[in-house]
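Undergrad: My questions all concern the structure below.
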Amino acid sequence: MIPRTIFSSDYELFRDTVRRFIAEHIVPFHADWEKAGQVPRELWLKAGELGLLCCNVPEEYGGMGGDFLHSAILIEEMARVGATGPTFYLQSDIIAPYLVDFGTEEQKKKWLPKMATGEVVVALGMSEPSGGSDVQAMRTQALREGDEYVINGQKVFITNGHSADLLVLACKTDPKARGKGVSLILVETDRSGFTRGRKLEKIGCKAQDTSELFFSDVRVPVSNLLGQEGGGFVMLMTQLAQERLVQAIRGVSSSEAALQWTIDYVTERQMFGQTLGDFQNTRFKLAELHAEILAQRVFVDRCIELHLKGELDATDAAAAKLVTTELQGKVMDQCLQFFGGWGYMWEYPIARAFADARMCRLGGGTAEVMKQIIGNAILPKVRKPVIA
């Protein structure tokens with residue numbers, strides 16, 4: 001194996017803490033959370049006590065003042081055990097940066113410390129029934145009336161939607177405009193006119209609460225605006241590189257875990273007087289997966305290095321998400337095959353990982369959107385000549 005060089009000994013000590021937390025507080029209970037469709041709030045508080053939430057939020061706002069490597073460790077270790085229920089990465093690495101980078105001092109001091117302790121769980125309201133990836137075409141509106149915004153509309157596929165105390169809501173403050181009409185507004189979920197729909201029943205990631213959200217004349221003060229009015233689309237685009245890197249880290253770590261589960265299984269499983277691992281087909285297939293995962297691990301670690309220096313651009317982040325999640329699907333399918341009928345049983349981690357992996361080619365932008373981003377960067381658009 002090619003040694004990893006991005007984590008110093010101090011980071012590995014943090015990894016030890018994360019592994020103990022996961023082994024004690026997550027692994028024994030995750031199957032029950034899948035049946036309940038939700039992670040208990042107590043887990044968020046326990047994670048907050050250990051400083052596992054909002055690791056790279058500055059200390060003055062309640063974080064530990066770490067960097068993205070701390071986040072990467074938590075993402076990796078959760079992926080290695082198939083713990084898709086606790087969406088700490090969503091709170092810490094996708095939503096918190098919006099507040100850190102664009103929030104007012106009042107907004108930061110009000111929300112970030114409670115997000116870091118787990119007292120407040122946050123969701124990002126983007127996807128709508130009419131479309132998920134085309135953010136500019138959203139229909140949820142926030143129209144200003146005096147010192148308030150009045151919000152009407154609907155969101156769907158919202159992770160943490162059922163348990164969230166606060167939403168970072170993407171909506172149109174100028175319904176006639178596309179990207180320049182999008183704004184981000186903080187919406188407390190105890191406000192009149194806000195209702196949660198059903199918990200959506202998914203084929204995977206069953207311990208995540210994913211919900212529909214409805215807004216009927218929800219009034220929030222203008223001071224809840226995040227950043228500038230009409231600046232929401234630009235803010236979303238500036239954060240997407242990190243969001244897609246998060247998905248890439250999850251993808252390659254999940255693939256590594258599935259490969260190891262399969263190696264352990266085939267070296268024990270007896271068939272026709274030998275182990276399943278003794279067959280040439282098994283060895284060749286697993287060798288191929290090992291080589292592909294190794295190449296992507298090196299690529300993702302390099303992307304992490306670039307991101308730490310602020311040099312990971314949107315195109316490379318899209319490429320990382322695309323190839324890791326595509327390979328993740330391939331790995332889960334091939335590894336499940338080696339488990340035979342047992343691989344189709346929910347009690348086996350490979351079965352849950354197979355179902356969970358399918359979401360990764362959708363969340364954070366579909367594979368097709370990633371290809372469009374990459375294509376736009378490497379291929380100039382050629383306008384067809386006008387024929388008189």
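Undergrad: Just report the Cα centroid separation between segment 155-197 and segment 345-374, whole Å.
TA: 25
Undergrad: Hey, another quick one. Full extension from Met1 to Lys110: what is 0.36 nm times the residue separation minus their Cα-Cα distance, to one decimal in nm?
TA: 34.7 nm
Undergrad: Let me check against my output: what whole-number percent is the relative contact order of segment 264-349, with C-alpha pairs under 8 Å and at least 6 apart?
TA: Relative CO of segment 264-349 lands at 22 percent.
Undergrad: For segment 60-167, what relative contact order do you get, as a whole percent, if you take Cα pairs closer than 8 Å and at least 6 residues apart?
TA: Relative contact order comes out at 25 percent.
Undergrad: Moving to a separate point now. Rounded to the nearest 0.05, what FRET efficiency do Arg191 and Thr238 give with R0 = 25 Å and r taken as the Cβ-Cβ distance? Could you check?
TA: Efficiency for this residue pair is about 0.35.
Undergrad: Still on this model: Do the sum for the chain: with -39,500 (n - 2.57) for every DSSP H run of n ≥ 4, divided by all residues, what is the mean residue ellipticity at 222 nm, to the nearest 500 deg cm²/dmol?
TA: Taken over the chain, the calculation gives -15500 deg cm²/dmol.
Undergrad: Distance in nm between label sites at Leu13 and Phe279, each 7 Å beyond Cα in the beta-carbon direction?
TA: Going from the Leu13 label point to the Phe279 one covers 4.8 nm.
Undergrad: So which lysines pass the test for Lys109, namely a Cα distance under 25 Å, with those fewer than 8 places away in the same chain ruled out?
TA: Partners within reach: Lys46.
Undergrad: In whole percent, what relative contact order does the chain give with Cα contacts below 8 Å and a gap of six or more residues?
TA: Relative contact order of the chain: 15 percent.
Undergrad: Scan segment 146-177 for trypsin sites (Lys or Arg not before Pro) in coil per DSSP, keeping those whose Cβ has at most 14 other Cβ atoms within 10 Å, and list them by number.
TA: Lys176
Undergrad: Could you point to the residue in Ser130, Phe272, Ala72 farthest towards the positive end of the chain's charge dipole, with +1 and -1 charges on the Cβ of Lys/Arg and Asp/Glu respectively?
TA: Ser130
Undergrad: Separate question: Under a Cβ-only charge scheme (Lys and Arg +1, Asp and Glu -1), can you give me the dipole magnitude of the chain about the Cα centre, in debye to the nearest 20?
TA: 1220
Undergrad: Which percent, nearest 5, of DSSP beta bridges in the chain are antiparallel?
TA: 85
Undergrad: Straight-line reach from Lys172: which aspartates and glutamates have a Cα under 15 Å away, not including same-chain ones fewer than 8 places off?
TA: Leaving aside aspartates and glutamates fewer than 8 places away in the same chain, those within reach of Lys172 are Glu128, Asp134, Glu145, Glu148, Asp217, Glu229.
Undergrad: If you don't mind, another one. For the pair His25/Glu311, report the inter-label distance in nm, with labels modelled 7 Å from Cα in the Cβ direction.
TA: 3.6
Undergrad: Calculate the spin-label point distance for Ala137 paired with Gln228, positioning each point 7 Å from the Cα along the beta-carbon direction, and give it in nanometres.
TA: Here the answer is 2.7 nm between the modelled labels.
Undergrad: For Ile374 and Ala287 in one chain, what is 0.36 nm times their gap in residues minus the Cα-Cα distance, to one decimal in nm?
TA: That works out to 28.4 nm of additional length.
Undergrad: Taking only Cα atoms, what is the 0 to 90° angle, nearest 10, from helix 232-266's long axis to the longest principal axis of the chain?
TA: Helix 232-266 sits roughly 20 degrees off the main axis of the chain.
Undergrad: Cα centroids of segment 235-283 and segment 301-336: how far apart, whole angstrom?
TA: Each part reduced to its Cα centre gives a spacing of 14 Å.
Undergrad: Among the listed pairs Lys114/Lys330; Lys35/Lys321; Lys202/Lys321, give every one whose C-alpha distance is greater than 32 Å.
TA: Pairs exceeding 32 Å: Lys114/Lys330.
Undergrad: Count neighbours as other Cβ atoms within 10 Å of each site's Cβ, and list the chymotrypsin sites (Phe, Trp or Tyr not before Pro) in segment 315-364 that are DSSP loop with at most 16 such neighbours.
TA: Trp346
Undergrad: Next question. Enumerate by residue number the trypsin sites (Lys or Arg not before Pro) in segment 1-47 meeting two conditions: DSSP loop (anything except H, G, I, E, B), and at most 15 other Cβ atoms within 10 Å of the site's Cβ.
TA: Arg4
Undergrad: While we're on this one: Under the rule of at least 5 residues apart or a separate chain, name every residue whose amide H is placed under 5 Å from the amide H of Val218.
TA: Ile151
Throughout, read-outs are computed from the coordinates displayed, never taken from laboratory work. Every value quoted in this text rests on a predicted model; they were computed, and no experiment measured them. Virtual Cβ from ideal backbone geometry, glycine too; neighbours counted across all protein chains shown.
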